[in-house]
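Trainee: I have a structure I would like to understand better, so I am pasting it below and will then ask my questions one at a time.
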Amino acid sequence: MEKKEQLQNIKHSLFGHMNDPLMKVLKKINFVFGKSLNAEELQKHRRFIERLGQMAAPKDDVTVDEFCVGDINCEAITPEIAHNPEYIILYAHGGGYNCGGLNYARILGGKMALFTGLKVVTFDYRLAPEHPYPAALDDCITLWDHLTGEGYDPDHIIVAGDSAGGNLALCLVQKLKALDSALPKGLLLFSPWTDMTCSNHSYETNFEIDPILTRKYVLSAAKVYVNDQGELSDPAFSPVNGDLSGFPPVYIMAGKNEILLDDSRKLKDRIEKSGGTVILDIEKSGWHVYQLFPIPQARSAMKRLSKHVSGLLYNKP
């Protein structure tokens, strides 16, 4: 089935057949991952992800402003209501480090802006295989330096990321720590990819029920990104294996039905053992980055995220 036809089926399924079990629909379509990363499939997948962003991103009650930092295309998504200009969210989109862009980032970026009342900055970081590690991390650091150079105190910046973007968010903080730089106020991670060895138990236990990811795809994406520059277990690629001491507060959201679930569980365990503060929010009927979809679980999740951010910024219980 072509990606364009798949996109039409998704839209019809999500909005026309909400009485059907959405998990079953997504599993049947297997709309995102599982195939090879050859050049033809990769380009189809990239086009599909961008079209999904065009279809699903919030368009009302936010203002989107484009800007560039050097060669990096960026967007600032500002909510029209309850905007607090003193704080900002730096958000790294997912996509296995090999796909995704500003359209795709606008889905979750727009939702965060609407629910938290904060401006969200997204960026079009360079993708593998054309630009393997450390291109994406270098772009993330460049944008971080831009925001702090523009007057944002690091303690007023929250770093967010989903999937590979969650990996990037963690790697950014580890890099800042290594440079003895000030760290962000907190981390918001959606189904983060924390261990590129793809060896966690949930790859087996959730193999049949994950409607989005397969181990074959995830491992292929890891190898393309790392590009023989080290072992997959290296903290540079698998931040869960790095030094997590001194991290800012971390809020993790994951779906009980995803193969990356244990990536989140292991991260929580390692942060707690390092003396840090971490919350793991597991949605029992959720899957990988389920917050992207127009479903009740996603709206409830964003409300919980908003409450967490409010407490983080304003010291509310």
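Trainee: Kindly indicate which of ALA182, ALA160 is of a type in the set (A, V, I, L, M) and either in contact with a Gly (Cβ under 6 Å, 6 or more places away or on another chain) or surrounded by 20 or more Cβ atoms within 10 Å (Cβ to Cβ) (or both).
Mentor: ALA160
Trainee: Going by what's in this entry, would MET112 be described as modelled with pLDDT under 85 and among the aliphatic types (A, V, I, L, M)?
Mentor: It is false that MET112 is modelled with pLDDT under 85 and among the aliphatic types (A, V, I, L, M).
Trainee: State the number of residues belonging to region 270-280 that are out of contact with any Ser or Thr (no Cβ under 9 Å at 6 or more places or on another chain) and surrounded by 15 or more Cβ atoms within 10 Å (Cβ to Cβ).
Mentor: Qualifying residue count for the region: 1.
Trainee: Still on this structure: For the structure I just gave you, tell me whether TYR91 is buried (at least 23 other Cβ atoms within 10 Å of the Cβ) and part of a strand (DSSP E or B).
Mentor: Considered against the rule, which asks whether it is buried (at least 23 other Cβ atoms within 10 Å of the Cβ) and part of a strand (DSSP E or B), TYR91 comes out as yes.
Trainee: If you check ARG265, ARG215, ARG270, which single one turns out to be under 17 Å from the mean Cα position of the chain (by Cα) and of a type in the set (Lys, Arg)?
Mentor: After applying the criteria, what remains is ARG265.
Trainee: So LEU102 fits all but one of (1) surrounded by fewer than 22 Cβ atoms within 10 Å (Cβ to Cβ); (2) closer than 24 Å to ASP262 by Cα; (3) of a type in the set (A, V, I, L, M); (4) touching a Ser or Thr at 6+ places or on another chain (Cβ under 7 Å); what number is the exception?
Mentor: (2)
Trainee: Can you name every residue in region 130-156 that is among the charged types (D, E, K, R) and buried (at least 18 other Cβ atoms within 10 Å of the Cβ)? Explain how you work it out, then say what you get.
Mentor: Going through region 130-156, the residues among the charged types (D, E, K, R) turn out to be 130, 138-139, 145, 150, 153, 155.
Result: ASP139, single match.
Trainee: Give PRO294, PRO239, PRO317 a once-over and let me know the one that is within 23 Å of GLY95 (Cβ to Cβ), modelled with pLDDT under 95 and either more than 19 Å from the chain's Cα centre (by Cα) or not hydrophobic (A, V, I, L, M, F, W, C) (or both).
Mentor: When all the criteria are applied, what remains is PRO294.
Trainee: What are the residues in region 120-129 that are surrounded by fewer than 22 Cβ atoms within 10 Å (Cβ to Cβ) and either under 15 Å from ALA298 (Cβ atoms) or out of contact with any Leu (no Cβ under 7 Å at 6 or more places or on another chain) (or both), if any?
Mentor: Residues satisfying the conditions are ARG126, PRO129.
Trainee: Please find, among GLU75, GLU86, GLU80, GLU41, the residue that is surrounded by fewer than 18 Cβ atoms within 10 Å (Cβ to Cβ), in contact with a helix residue (DSSP H, G or I) (Cβ under 7 Å, 6 or more places away or on another chain) and among the acidic types (Asp, Glu).
Mentor: Details: GLU75 fails: surrounded by fewer than 18 Cβ atoms within 10 Å (Cβ to Cβ); GLU80 fails: in contact with a helix residue (DSSP H, G or I) (Cβ under 7 Å, 6 or more places away or on another chain); GLU41 fails: in contact with a helix residue (DSSP H, G or I) (Cβ under 7 Å, 6 or more places away or on another chain).
One residue alone meets the criteria, GLU86.
Yes/no per residue for (1) aromatic (Phe, Trp, Tyr); (2) within 27 Å of LEU219 (Cα to Cα):
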{"site": "MET55", "(1), (2)": "no, no"}
{"site": "VAL64", "(1), (2)": "no, no"}
{"site": "GLU86", "(1), (2)": "no, no"}
{"site": "TYR91", "(1), (2)": "yes, yes"}
{"site": "GLY95", "(1), (2)": "no, yes"}
{"site": "THR116", "(1), (2)": "no, no"}
{"site": "THR142", "(1), (2)": "no, no"}
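Trainee: Check LEU7 against each of (1) at pLDDT 55 or above; (2) in contact with a Lys or Arg (Cβ under 8 Å, 6 or more places away or on another chain); (3) of a type in the set (A, V, I, L, M) and name the one condition it does not meet.
Mentor: (1)
The rows are residues; the columns are (1) in contact (Cβ under 8 Å) with a residue 40 or more places away in the chain; (2) acidic (Asp, Glu); (3) assigned to a loop (DSSP other than H, G, I, E, B); (4) closer than 30 Å to GLU258 by Cα.
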site: LEU37; (1), (2), (3), (4): yes, no, yes, yes
site: LEU42; (1), (2), (3), (4): yes, no, no, yes
site: ARG46; (1), (2), (3), (4): yes, no, no, yes
site: GLU75; (1), (2), (3), (4): yes, yes, no, yes
site: ILE81; (1), (2), (3), (4): no, no, yes, no
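Trainee: So which residues in region 237-281 are closer than 22 Å to LEU219 by Cβ, of a type in the set (D, E, K, R) and outside any loop (DSSP other than H, G, I, E, B)?
Mentor: ASP262, ASP263, ARG265, LYS266, ARG270
Listed here are the residues, each with its yes/no results for (1) closer than 21 Å to ARG215 by Cβ; (2) surrounded by fewer than 18 Cβ atoms within 10 Å (Cβ to Cβ).
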position	(1), (2)
ASP228	yes, yes
GLU231	yes, yes
ALA236	no, no
PRO239	yes, no
VAL250	no, no
LYS266	yes, no
LYS284	no, yes
SER310	no, yes
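The values are calculated or read from the model by the stated rules, or taken from the named source; none is laboratory data. It should be emphasised that the depicted structure is a prediction, and the values quoted were computed from it without experimental measurement. As a convention, Cβ positions derive from the backbone with ideal geometry for all residues, glycine included, and neighbour counts pool all protein chains shown.
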